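First up is the structure itself, then whatever we jot down about it.
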Number of protein chains: 2
Amino acid sequence: MKKVINAPERVVEEMCRGMELAHSGLLRLIPEHNVLVRADAPVQNKVALVSGGGSGHEPTHGGYVGPGMLDAACAGSVFTSPTPDQMLEATKAVDGGAGVFYVVKNYTGDVLNFEMAGELAEDEGIETDYVVVNDDVAVEDSTYTSGRRGIAGTIFVHKIAGAAAADGRDLAGVKEIAGRVNDNVRSMGMALTSCVPPESGEPIFEIGDDEMEIGMGIHGEPGTERKKIEPADRIVEELLQKVLGDSVDFTSPGSDVAVMLNGLGGTPLMELYVAYAHVADVLMREGVDIYKMAYVGEYMTSLEMAGISVTLLKLDDEMKRYLEAPCDVAAGRPF
Amino acid sequence: MKKVINAPERVVEEMCRGMELAHSGLLRLIPEHNVLVRADAPVQNKVALVSGGGSGHEPTHGGYVGPGMLDAACAGSVFTSPTPDQMLEATKAVDGGAGVFYVVKNYTGDVLNFEMAGELAEDEGIETDYVVVNDDVAVEDSTYTSGRRGIAGTIFVHKIAGAAAADGRDLAGVKEIAGRVNDNVRSMGMALTSCVPPESGEPIFEIGDDEMEIGMGIHGEPGTERKKIEPADRIVEELLQKVLGDSVDFTSPGSDVAVMLNGLGGTPLMELYVAYAHVADVLMREGVDIYKMAYVGEYMTSLEMAGISVTLLKLDDEMKRYLEAPCDVAAGRPF
């Protein structure tokens, strides 16, 4: 295992501390809980957004905490759901009296734990609600999932629901638009290599030097096909074929579509742009109108896994306005 | 070789095209030359900044093109200097009558070619000047370098000199502040793995599964020591000891220091934050005042190489103002 770490069992705690130290005006760490909250939390009379999940997907989720996106992020152990206790701490820290909304990726542990946290919060008089994001079209049901998995489309939920909350929407209103984003976002990914979780020190799956897996999940869950590595253009065609063939009509006239080409951690930005060039070509060929700039970079990773995912979000005018609303989060602050 | 590419010989061209397509309001590609320029270039009566170098260091350099930073970036083949012809094309495309300033990393090919481009530009009546960035304290002279290598500190030169040019400084004034940044910035890196350039398909060096190299260059140039992997805290101590022991006094009272913890491409963000936590601890212990937020992420990479570098920049009030001035570049636009 080749990692810049001190001890596998301290990785998440030290990462959270590093995030707080690097972005001290923006983030505050709740000690002992690996929960990062907005430095100015709670914001009174604003619906607070909380997300979280297993660590290893950075900048998801802590990188998305700040004005205009999340109010708190709960960091579980690597690839392991945070506990209801962590979620409850986050909930209490950010509740400003207008309720707390959970953005949950569709993994069984995350869903159960956020549901339990919501019950605990209700016991303490805090109203909560949640959305379960399930944008991955690769497979129905999976290793840790009933139904479809939640992957990089979650970032669009954070951004748009976060802006809606900042805009003064109430809890039901935030739930409505979060659900609307989830209904209109579809993703699919592929992997070239495994990653190595620090605790085990071993790859989570084996894959040949000349192989790739289409539809791989962000925890190495099986995809739809294992085969020889193909050229980038062919990979992009396969991913987009499945995304475009799903239940959202991205080609309907007048529809603008936000496009994300996400790197899983080990794939250089050079390759993401090579892949994006063909994403743009295919979408133009298929009559999809790409909305403004594309999102090309590492938004939802799987440690050092090499691979990519493509996400399309069909926008309406309100989603566009919220997508472009200002936000200030660590992942959005390279300068 | 496990890469999302189509053909090794088309990687740079396709990457540049992908960047233009992803950021079409911001970037324009000069066809056949792999030169990315600001979409609104030339900006009249502003000193134009041009940088460039071998590809494989993304988001360096194309990711830093836009208002407030570079006017153009020349993309050479992977780890190979762009040609004087490319640089001349960039120069002509961005010259707005106030001269063109080159930001050159100290690699022999880059320096010679930018010097030649400057001569060709002068022949066409365009005034030019340049700075050679040599922030890497690891070694004197190196595989491709006489003197010290230029690495991630270059990003601070782009940012501050770019803001100075946007602020109306003339060519001599831009050169002065670019030189001042270079005089006050120091970096050092280390690597855990090699990267694999697409053309050769082979690692550029061999390194044991339990080994790391301190002081490694961004093209795999030899560092100062090859040894067993150590804990992150110990690695950080070694890098900072050399940076702090160099000729810039980062501890002088009243000095604020900008800090960058850069990932070389294959190291997950999780590990960058683990390392940053100890960077902050050491700097506080040594009496270094960290200026506002830290820069933690992938700013200057080496394809999929695993490793990190640390950069410190001693700021004066003018540098602070320019560091914080607005800019709009692809690498600064995750949202």
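The values are calculated or read from the model by the stated rules, or taken from the named source; none is laboratory data. These figures come from a predicted structure and were not determined experimentally. No Cβ is skipped: glycine too gets one built from the backbone with ideal geometry, and neighbour counts run over all protein chains shown. The area values use the complete protein model at the heavy-atom level, side chains included, leaving out ligands, DNA and RNA. Shrake-Rupley method; radii C 1.70, N 1.55, O 1.52, S 1.80 Å.
May I ask you to list the residues in segment B:286-312 that are over 19 Å from the mean Cα position of the chain (by Cα), more than 9 Å from chain A (Cβ to nearest Cβ) and not in a strand (DSSP E or B)? Those that are over 19 Å from the mean Cα position of the chain (by Cα), more than 9 Å from chain A (Cβ to nearest Cβ) and not in a strand (DSSP E or B): B:286, B:287, B:288, B:291.
Considered as a group, the residues in segment B:65-88 that are assigned to a helix (DSSP H, G or I) and open to solvent by 10 Å² or more (accessible area, probe 1.4 Å) include one that is nearest to residue B:46 (Cα to Cα), and that residue is B:88.
The set of residues in segment A:89-120 being of a type in the set (A, V, I, L, M) and surrounded by fewer than 24 Cβ atoms within 10 Å (Cβ to Cβ) consists of A:93, A:98, A:111, A:112, A:116, A:120.
Scanning segment A:266-285 for residues that are more than 7 Å from every other protein chain (Cβ to nearest Cβ) and not β-branched (Val, Ile, Thr) returns A:272, A:278, A:281, A:283, A:284, A:285. Under the condition of being assigned to a loop (DSSP other than H, G, I, E, B) and crowded, with 19+ Cβ neighbours inside 10 Å, the residues counted in segment A:216-247 number 8. Checking each residue in segment B:13-36 for being more than 7 Å from every other protein chain (Cβ to nearest Cβ), outside any helix (DSSP H, G or I) and crowded, with 24+ Cβ neighbours inside 10 Å picks out B:27, B:34, B:35, B:36. Is one or more of the residues making up segment A:282-295 in the same structural domain as residue A:194 (by TED's automatic domain parsing), open to solvent by less than 10 Å² (accessible area, probe 1.4 Å) and out of contact with any strand residue (DSSP E or B) (no Cβ under 9 Å at 6 or more places or on another chain)? Yes, because at least one residue in segment A:282-295 is in the same structural domain as residue A:194 (by TED's automatic domain parsing), open to solvent by less than 10 Å² (accessible area, probe 1.4 Å) and out of contact with any strand residue (DSSP E or B) (no Cβ under 9 Å at 6 or more places or on another chain).
Filtering segment B:313-335 to residues that are buried (at least 22 other Cβ atoms within 10 Å of the Cβ), assigned to a loop (DSSP other than H, G, I, E, B) and more than 7 Å from chain A (Cβ to nearest Cβ) leaves only B:329. Inside segment B:172-213, residues that are among the charged types (D, E, K, R) and outside any loop (DSSP other than H, G, I, E, B) make up a count of 7. Checked against the criterion of being assigned by TED's automatic domain parsing to the domain that holds residue B:12 and in contact (Cβ under 8 Å) with a residue 60 or more places away in the chain, the candidates B:109, B:96, B:76 yield just one match: B:76. Any residue that is within 12 Å of chain B (Cβ to nearest Cβ), among the hydrophobic types (A, V, I, L, M, F, W, C), in contact (Cβ under 8 Å) with a residue 40 or more places away in the chain and in contact with a Cys (Cβ under 9 Å, 6 or more places away or on another chain) - is there at least one of those in segment A:248-265? Yes, segment A:248-265 contains at least one residue that is within 12 Å of chain B (Cβ to nearest Cβ), among the hydrophobic types (A, V, I, L, M, F, W, C), in contact (Cβ under 8 Å) with a residue 40 or more places away in the chain and in contact with a Cys (Cβ under 9 Å, 6 or more places away or on another chain).
In this structure, is residue B:5 open to solvent by 10 Å² or more (accessible area, probe 1.4 Å) and at the interface with another protein chain (Cβ under 10 Å from one of its Cβ atoms)? Yes. Of the residues B:200, B:194, B:142, the single one that is touching a residue at least 12 places away in the same chain (Cβ under 8 Å), more than 20 Å from residue B:250 (Cβ to Cβ), surrounded by fewer than 24 Cβ atoms within 10 Å (Cβ to Cβ) and not assigned by TED's automatic domain parsing to the domain that holds residue B:48 is B:194.
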